[in-house]
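The values are calculated or read from the model by the stated rules, or taken from the named source; none is laboratory data. Just so it is clear, the structure is predicted and the values come from calculations on it, not from any experiment. Here the Cβ is made from the backbone with ideal geometry for all residues, glycine too, and neighbour counts use every protein chain on show.
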Amino acid sequence: MSDQPRIGFVIGTGRCGSTLVHEILARHPENGFVTNLDDKGVRTSSRLDNQLWRRLPASVTTKGRFRFAPSEAYRALEREVSPVLVDPVRDLVAADATPWLAGRMQAFVATRTARLQSEVFLHKFTGWPRTGFLEACFPGATIIEIVRDPRAVASSWLQMPWWHGHRGPGEWHFGPLPTDQHDVWERHGRSFPVLAALAWRLLMDASDAARKEVPADRWLTVRYEDVVADPRGRIGAMLAHLGLDWTPEFEAGFARYSIESARTDAFRRDLSPADLTAMEDALAGSRAYAELYS
């Protein structure tokens, strides 16, 4: 292992498949990660925790029950860094990396990397990309962005108990809508599916802006649908992006996952044709939607 680990971040909108990707990548013996023991305040994650988790079946990460898994560690980040990193009203950019805040973020990662002793420290963030802030804190960090069809993401958000879109853009997760997008929402009768689609667009617009600040060779965008269609090929590309080989140890961990495409288009069942038409209208003009899904 080198003296200083490489830093990698998996980012995504949420409900986009980034958890599955992060957990599969975490099966690699040279990827170090924070576990939910850290988030619960049990103790700071260690190399032993990572090794133990890799020996366990994929079912230990199943949500909705007691679980032991890689974590975004938002509660730990809120305690040790700042709530601004956890639930910002807008994307975090380089200017947000004030000496105080950047120092706390760097200390958070330094504490974990000292205990994890891995070639790569790999962490996941969902919602706003935050990569401007992260790049300022960790110059040279590697970014893996997972994207998913906005109609699938929006449909999933609408079914989550933590989704606050029903309160409107005055009280949800992402701050006010730009005027033109607010007008779209009004035109569609303040439709909640349309608002969820506009949230995806808001996050992807932020990602487009953030990507311009990171050299292209350090930013990899992968569609979730492509991971499902070719898991070995897409996961292999992500490992290579992190500078890691597909090792026998990783193969053993990868084999524990069954990746199915059954729900990639479940949104067509869960949303009405009128909802889908309205959402597609709301997404018109989105660079990400036009290039990746339309």
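Quick one: is THR13 over 15 Å from THR61 (Cα atoms), at pLDDT 95 or above and surrounded by 22 or more Cβ atoms within 10 Å (Cβ to Cβ)?
yes
On the given criteria, is ARG67 farther than 23 Å from VAL153 by Cβ and of a type outside the set (Val, Ile, Thr)? Write out each step before concluding.
Details: farther than 23 Å from VAL153 by Cβ: no; of a type outside the set (Val, Ile, Thr): yes.
No, not satisfied.
Does VAL34 satisfy the criteria of being under 20 Å from VAL86 (Cα atoms) and without any contact (Cβ under 8 Å) to a residue 12 or more places away in the chain?
On the way: under 20 Å from VAL86 (Cα atoms): yes; without any contact (Cβ under 8 Å) to a residue 12 or more places away in the chain: no.
No: the conditions fail for VAL34.
Within region 172-231, restricting attention to residues that are of a type in the set (Lys, Arg) and over 22 Å from the mean Cα position of the chain (by Cα), which residue is farthest from THR264 (Cα to Cα)?
Top of the filtered list is ARG187.
Report the residue count in region 268-288 for those that are within 18 Å of THR13 (Cα to Cα) and either assigned to a loop (DSSP other than H, G, I, E, B) or of a type outside the set (D, E, K, R) (or both).
The total comes to 5.
Output the residues belonging to region 192-213 that are surrounded by fewer than 19 Cβ atoms within 10 Å (Cβ to Cβ) and either touching a helix residue (DSSP H, G or I) at 6+ places or on another chain (Cβ under 7 Å) or touching a residue at least 24 places away in the same chain (Cβ under 8 Å) (or both).
Scanning region 192-213 gives PHE192, ASP205, ASP208, ALA209, ARG211, GLU213.
Filter region 232-267 for residues that are surrounded by 12 or more Cβ atoms within 10 Å (Cβ to Cβ), assigned to a loop (DSSP other than H, G, I, E, B) and not acidic (Asp, Glu) and give the result.
Once the filter is applied, which keeps residues that are surrounded by 12 or more Cβ atoms within 10 Å (Cβ to Cβ), assigned to a loop (DSSP other than H, G, I, E, B) and not acidic (Asp, Glu), region 232-267 yields LEU242, GLY243, LEU244, TRP246, THR247, ARG256, TYR257, ILE259, ARG263, THR264, ALA266.
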